[in-house]
Amino acid sequence: MKTRHLLKRKQTWYVRKRIPPSLSHVLGTEIQRTTGTRDLDEARRRRWAILADIQRQIDFARERAGSVPGSADWIKAEARAILQSVRDGETEQDTADHVAIDYLLSELVKLKGYKLDAHGHPIITDEKVSQAVTGAAELLSGGPDLIRLSDAIAEYLSKKAHLRPSTLKSKARRLNAFRDWSGDKAVRVIAPLDAGQYISEVLLTRTDTSKTSEDTINTLGAFFKWARRRGYTETNPFEGQTEDVKGSTRGGVVFKRRPWAPDELAAMLEGLSTGQPMDTRLRSLLAIGAYSGMRLNEICATELADVHETYIHLREGKTDSSIRDVPIHPTLLPLITRLRKESTDSYLVSGLKPGGEDGKRSHYASKRLGVRQRSLKVVDMYVYPNGRQCNRIDFHALRKTFNTAMQREGVPMEVRKAIIGHASSEENIEAYTTYDPGVLAEAVQKVSYGDLDKVILKLGD
């Protein structure tokens with residue numbers, strides 16, 4: 001329609017937009033804004049920019065609508081609204097410097113009834129609200145070019161769109177958690193003291209493993225390194241901070257996976273002999289994992305074209321060392337032959353439905369395995385102080401099982417790394433790259449789990 005979103009009043013065209021009912025108490029039922037012209041064609045050209053501006057107003061009102069008046073979130077939202085008005089040229093910076101904070105404080109007095117000090121400012125006892133007021137002052141005094149944590153985080157994540165969705169989501173979660181803890185401050189004011197407090201007050205008080213805490217610090221460090229290159233800050237407050245995490249866990253009890261025992265694997269294989277399609281697939285996956293050291297998703301993603309007579313070629317993985325040729329253990333040959341013959345799609349283990357944020361074929365298999373392990377009571381649970389539990393013998397522990405079996409047979413460390421896809425030691429890179437396939441095959445053939453070998457051979461029937 002030519003006059004969509006347009007309304008003519010006294011010969012002048014206006015843009016109109018209805019307000020969602022949930023925000024009508026804030027913005028009214030409709031917003032009207034003049035196009036400044038009587039010419040319909042010109043009004044039609046101008047309406048989309050005006051509608052976009054109105055939508056920004058609605059979005060911001062929606063953001064503020066969820067905040068309790070006088071709360072820390074409310075103060076931050078009000079300050080961001082004032083800063084945005086400075087950026088849009090609706091408010092002068094001098095006004096923001098000299099009036100905005102006084103406005104916020106006066107509103108707090110009205111909303112909360114705070115007592116005033118000798119300077120006429122409210123005596124705020126709520127620590128979060130007090131921090132929010134301080135943060136608002138920093139925000140407004142920084143000028144329209146000030147870069148807040150939320151602004152920088154959004155820009156940083158937009159540069160990481162090539163990452164897997166789960167990886168991107170993990171980074172966003174860690175960065176936003178720090179932003180929420182510190183307040184939406186200017187990037188430039190975050191100091192090493194803030195980083196140290198976050199580590200001691202948040203990361204070290206949780207039951208995360210030291211690696212999880214280190215990953216969080218590394219994510220934050222990478223973000224601030226990028227922000228420093230962009231000129232948003234002069235320092236990287238998280239640089240070198242992982243040492244505190246390593247030191248805090250030294251001597252303590254840390255969750256670690258352990259190798260499966262042969263009788264545990266036998267119990268799982270027996271318990272999964274139900275004839276149900278997913279249980280049948282899980283039996284194959286467990287067998288291949290135990291005799292190859294391959295990761296669950298590596299097995300699930302293996303296509304028939306990459307399965308050769310004596311080895312499986314892995315064309316991609318989480319690291320460069322994941323790309324490798326894995327010798328097929330003689331005990332697995334009958335099972336591999338059967339799987340290739342019975343495959344109904346292009347994969348070695350067929351019929352697995354992709355799932356999760358990354359669309360991995362291992363998603364549902366991993367979940368199902370955890371459920372079946374618990375139902376069959378083939379688990380070794382580590383219980384954290386807060387009651388959270390982790391299984392020491394999940395599928396990934398099969399890599400340790402296979403590696404330990406090779407080690408027990410005297411297979412050198414660098415050969416084992418080449419087979420299971422671990423990065424080689426720097427001083428032995430040359431040795432890592434020159435292993436003959438026959439050497440790798442000989443190392444794999446040394447692995448035996450006793451009577452379990454016969455059970456695996458029968459899976460090929």
query: For Cys300, Cys390, what's the fewest-to-most ordering of other Cβ within 10 Å of each Cβ?
result: Cys390, Cys300
- line: Rounded to the nearest 10 degrees, the helix 149-158 long axis (Cα) sits at an angle to the longest Cα principal axis of the chain of 50 degrees
task: Measure off 7 Å from each Cα along the Cα-to-Cβ vector at Lys128 and Glu243, then give the distance between these two points in nanometres to one decimal.
output: 3.5 nm
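With a/c under 1.5 counting as rounded, go ahead and sort region 149-249 into rounded, prolate or oblate using the C-alpha gyration tensor (a ≥ b ≥ c being the square roots of the eigenvalues; past the cut-off, prolate if a/b is larger than b/c, else oblate).
Cα axes put region 149-249 in the oblate bin.
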statement: Helix 210-229 sits off the longest principal axis of the Cα atoms of the chain, rounded to the nearest 10 on a 0 to 90 degree scale, by 50 degrees
statement: In whole angstrom, the spacing between the Cα centers of region 105-121 and region 354-419 equals 58 Å
field: Leading residue at positive end of dipole, the chain (Cβ point charges), from Ile101, Ile54, His329
entry: Ile54
- request: Mind scanning Lys160/Lys367; Lys17/Lys112; Lys256/Lys417; Lys256/Lys367 and naming the pairs with a C-alpha gap bigger than 24 Å?
  value: Lys160/Lys367; Lys17/Lys112
- request: Report, in debye and to the nearest 20, how large the dipole of region 6-141 comes out about its Cα centre when Lys and Arg carry +1 and Asp and Glu carry -1 on their Cβ.
  value: 1060 debye
statement: Projected convex hull area of the chain, Cα atoms, direction-averaged, in nm², equals 32.2 nm²
- line: Given the candidates Thr125, His422, Val444, the one whose Cα lies deepest towards the positive end of the charge dipole of the chain, counting +1 at each Lys or Arg C-beta and -1 at each Asp or Glu C-beta, is Thr125
message: 5 Å is the cut-off here: which amide hydrogens, built 1.01 Å from N in the peptide plane, fall below it relative to Ile19, excluding neighbours closer than 5 in sequence?
response: Glu30, Ile31
- request: Multiply the residue gap between Ala191 and Ala267 by 0.36 nm, knock off their C-alpha separation, and tell me the result in nm, one decimal place.
  value: 22.0 nm
query: What value, in deg cm²/dmol to 500, does the helix sum -39500 (n - 2.57) over DSSP H runs of n ≥ 4 give at 222 nm once divided by the residues of the chain?
result: -15500 deg cm²/dmol
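Which value, in debye to the nearest 20, describes the size of the charge dipole of region 149-249 about its Cα centre when Lys and Arg Cβ atoms bear +1, Asp and Glu Cβ atoms bear -1, and nothing else is charged?
Values: 17 positive and 13 negative charges, 109 e Å.
Roughly 520 debye, rounded to the nearest 20.
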message: Taking a ≥ b ≥ c as the square roots of the Cα gyration tensor eigenvalues, with a/c under 1.5 meaning rounded and otherwise prolate when a/b beats b/c, else oblate, which class fits region 262-458?
response: rounded
- prompt: Angle, helix 192-201 long axis vs. longest principal axis of the chain, Cα atoms, 0 to 90°, nearest 10?
  reply: 60 degrees
query: Can you list the residues, at least 5 places off or on another chain, whose amide H is less than 5 Å from the amide H of Asn391, using H built in the peptide plane?
result: Tyr382
- line: A correct fewest-to-most ranking of Glu239, Glu214 by other Cβ atoms within 10 Å would be Glu239, Glu214
Residues Asp279 and Leu304, FRET efficiency given R0 of 25 Å [Cβ-Cβ distance, rounded to 0.05]: 0.65
Kirkwood-based Rg to Rh ratio, region 6-141, C-alpha trace: 1.08
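All of the numbers you see were taken from the coordinates with simple rules; none came from a lab. It should be emphasised that the depicted structure is a prediction, and the values quoted were computed from it without experimental measurement. Because the Cβ atoms are built from the backbone with ideal geometry, glycine has one as well, and the counts that use them run over all protein chains shown.
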